[in-house]
Every structure is written in C-alpha cells, then in structure tokens.
1. From 396, 344, which residue is closer than 28 Å to residue 318 by Cβ and either in a helix (DSSP H, G or I) or open to solvent by 60 Å² or more (accessible area, probe 1.4 Å) (or both)?
2. How about the stretch 212-232: which of its residues are within 11 Å of the chain's Cα centre (by Cα) and either among the β-branched types (Val, Ile, Thr) or within 23 Å of residue 170 (Cβ to Cβ) (or both)?
3. Tell me the residue from 240, 208 that is at pLDDT 95 or above and part of a helix (DSSP H, G or I), please.
4. For residues that are over 18 Å from residue 348 (Cα atoms), in a helix (DSSP H, G or I) and either out of contact with any Phe, Trp or Tyr (no Cβ under 9 Å at 6 or more places or on another chain) or open to solvent by 50 Å² or more (accessible area, probe 1.4 Å) (or both), tally how many sit in the stretch 290-319.
5. Do we have residue 81 as of a type in the set (Val, Ile, Thr), in a helix (DSSP H, G or I) and either at pLDDT below 95 or open to solvent by 20 Å² or more (accessible area, probe 1.4 Å) (or both) here?
6. Cβ-Cβ below 6 Å, separation at least six or inter-chain, first residue in the stretch 267-287 and over 16 Å from residue 311 (Cα atoms), second modelled with pLDDT of 95 or more and of a type in the set (D, E, K, R): which pairs?
7. Inside the stretch 92-153, counting only helices (runs of 4 or more DSSP H) that do not spill past its ends, which hold 2 or more residues that are of a type in the set (Ser, Thr, Tyr) and under 26 Å from residue 183 (Cα atoms)?
8. On the given criteria, is residue 157 surrounded by fewer than 22 Cβ atoms within 10 Å (Cβ to Cβ), in contact (Cβ under 8 Å) with a residue 12 or more places away in the chain and assigned to a helix (DSSP H, G or I)?
Amino acid sequence: MSRYYSFIIVLFLLAGCATKEVVVTKETTKKVFEEEDNLILQALDYQQNGDYVNARKIYHTLYEQSQKKVYLTEDAGLAFVLGDPDARDLIMQGIQKYPEEKNFNRLLVGQLVKEKRYEEAEKEILKLIEYDKTVQHLSIAGNLYLQMKEYDLALKYFESAYKQEQSEDLLLNIVELLYRFLGRKDDAVAYLETYANVEGCGEHTCFKLIEIYGRDRNVQGLIATYKKLYKEQPTDEIAKKIVELMLYTKDIKGATHFLEKTGLNQDMLIQIYATQKKFTEAYALAEKLYEESKNLDYLGKMAIYEYELNKTKLTPEILQSISKKFEEVTGLLKDSVYMNYYGYLLIDHDIDVPKGIRLVQDALALEPNSPYYLDSLAWGLFKQGKCEEAYAIMKYFGDNVIEEEVNAHIEAIKKCLKEKKPQ
C-alpha cells in the first residue's frame, strides 16, 4: 500500500465518514419524510457490505429530501473515498452551510492532498489544529507531512498526538518515521519497548520489535520479545521460537527451564534431556506422555532411555524389561531407529543375534546408507563369525571414524580376520 493511499484511508477514518453506522442525533431521529427510516437502513446495509456506491446514492437522496447535515457529511465522505468528481463541491457546500461541522474541513484536507495541493492542505490542517489540538487533527497533520516527506514535522505532530493518546497506530507511525526515514533506530526501539512493557504487545508492537531485532541479528532482543509475546499468546509455535533461539545461544539451562515451566513442546524437552544425557528426566517424561497418549513412539523412547540409564549395570531383568518394550514397538511401528536399536541390543548382548540382524536389515531397508545401521549389521555378522562379510561393510567407513564404539568394532573385526588367516 502506498503512503498516499494509506493517508487517504487514515484521513477518511479520522474524519468519521462512511462509518458502518450513522451517528444518532436529534437531527437524525426526527423523521422528515415517510421513507426516511427505510432508506437509512438500506444505506447502512450497503455500507456494512462495502457497497459505497449505492450507499452514497441513498445518502444523496436523503440529504436532498431532508437537508440534514449528517446525510451531507456521509454523502461527501463517500464521494471523497470513491473519487467522485463532485466530492469537492459537496465538501465546500458543507463548509459553507455548516461551518461548525469540522468533518468537512478534514475532508477538504484529504481532497487537497488528492489533488497534490499540499501547501493548501497544510494551511487547512493548521487552521484545524489552531481551532482544536485533538489527536485527530494532529494525526492528520502527521500523515500530511509524511506525504510531503517533511519527516521531522511529521514526527512532531505524531508525537504530540501520542502524548494525548498512546494508541498502537500512532506508535507505529512514530516508529516508522524514526527507523525508516530518520535513521534513529535506537529511539524507535525505545518507543516499542516502552509500549510493550506498559501496554503489552498489542496487535503489531512485538512483531515490529521482532522484525527490527531480526534484521540486526539481536538474538537476546528476539528472545526477550518472544517471551513478552508468549505471555499474551502462549502457543507452541512461539514457545518453539524461544527455545530454538535459546539453544542457538547455547542457553540449554534456560531452554530447559522454559519448557519445564510452560509445559509446552514436551517433545523438544525430551530431546534436550536426551542430548544432555539426562536420561532419568527423559524416561520420566516419555513415560508420562505414553500413559497420556499411548503413542508407541514414547514407549520406544522409554526403552532407549532405560537402556542408557542402565548401561553399566544391565541385569537380565533390566534387559527383559527393555526388550519387552521394544517388542511391542517394533511389532507395530515401522521405525528404523527402534528396529536398529533393538536389533543392536539383541546382537551386542548375545540375546538373539539372528533376530537382531533381521531387525537391523529392516532398518536398512528404510535407510540404506545409515552408518549406524551398517555398523550394527557388521557387528551382527561378526558375532556369527562372518568376519569377511563384516569387514566388507566396515570398509565403508574408511579411516575417518569418530565413534569410539565403531572403532572398537573395526578393530575386533580386523583381529578376527587375522586369526582366521592360515598360518
């Protein structure tokens, strides 16, 4: 939307014309002719449906038959918005006939702007301000000077209006001037921060802050603003943004605390627990979510965390508990992660190597190039004494192996090959 078009809409709204209902006064309630009430209802219906052309025709008829000021005001206002050629004549007629009705003077400012007669528009709005320094008049002046690219003057009038009424629309006009046209970014941010702290995020304030902080890559500013926004709009989407930004700054503790406190995005919280090797917390949360939802994905996670928790103290009872969970999950859920994890467990602990290999092969059917799954398969073949087949797979890794466990498998397979070579 151009600044010119924005100005016309703002002026139109500020002038109070063509609203969805006519202001009721003694003048409007006193019926002059029989069909007046029906015509008013028709005009209002047209306005509510955005049919300003037909609404204007009715107001024109109403005025001609009643000579009521309110109908001329609506007729002139709609003519102005529609760009009808007779708009100026109607506005001037209103000024001459009803000098006390300042809506006509405000419309004249807009008409002069349409005609690019900015100096005349300026004189008219300054007269209105001299008459009454209302928010309405000051805002129109601000918009006019914005059109004229007199940015310092525009700021002056918007700030004067804002002192009277701390509306978000005025705030955003001030911020736009400071940030976009006057290069005073810090002042723009200060306005937004003050408003957000006192009045809240409103419809646009926090999003404007997010836009500015995003351009500046100010991550701490983004986190603080998203937190303010979250207080008013506690959604998973905003919570996710906050946590992602905290993780970006490596504030794991802050991200964990935020998710624990809010109770939102529990899947992300489980992931953080697991990444931080907090398997007790991860297991407890997965168990809670499984009991609530019966989602097998959480049961699979419980099996993994139970294993990780007890790695150094695996008893037959614990292995049985883990296996029982994996059996249920892999029997119904075709997830490569759980198939490989369970398969590797059966292989590594010599519980059921052939079954373990089958599970790993199923996982590889879904993700053929996974190095973790290939390592599991090679380890299963090694357990069956098929060292050459195992080594053929492990050659896939080359010399750049980081995983300690994979390195140990490679060394064990190489040793097996040496032992099997004829002396």
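1. 344
2. 229
3. None of the others qualify; the one that does is 208.
4. Filtering the stretch 290-319 for residues over 18 Å from residue 348 (Cα atoms) gives 290-302.
If we keep only those that are in a helix (DSSP H, G or I) as well, we get 290-293, 296-302.
After this cut, where a residue has to be either out of contact with any Phe, Trp or Tyr (no Cβ under 9 Å at 6 or more places or on another chain) or open to solvent by 50 Å² or more (accessible area, probe 1.4 Å) (or both) as well, the list is 291-293.
Count: 3.
5. yes
6. 273/281; 286/301
7. Where helices (runs of 4 or more DSSP H) fall fully within the stretch 92-153 and carry at least 2 residues being of a type in the set (Ser, Thr, Tyr) and under 26 Å from residue 183 (Cα atoms), they are 135-147.
8. Numbers: surrounded by fewer than 22 Cβ atoms within 10 Å (Cβ to Cβ): no; in contact (Cβ under 8 Å) with a residue 12 or more places away in the chain: yes; assigned to a helix (DSSP H, G or I): yes.
Against the criterion (surrounded by fewer than 22 Cβ atoms within 10 Å (Cβ to Cβ), in contact (Cβ under 8 Å) with a residue 12 or more places away in the chain and assigned to a helix (DSSP H, G or I)), residue 157 does not qualify.
The values are calculated or read from the model by the stated rules, or taken from the named source; none is laboratory data. This one's a predicted model, so the numbers in the text were calculated from it and none came from an experiment. Using ideal geometry, Cβ is built from the backbone for each residue, glycine included, and neighbour counts are taken over all protein chains shown. Just the protein is used for accessible areas: all its heavy atoms, side chains included, with ligands, DNA and RNA removed. Shrake-Rupley method; radii C 1.70, N 1.55, O 1.52, S 1.80 Å.
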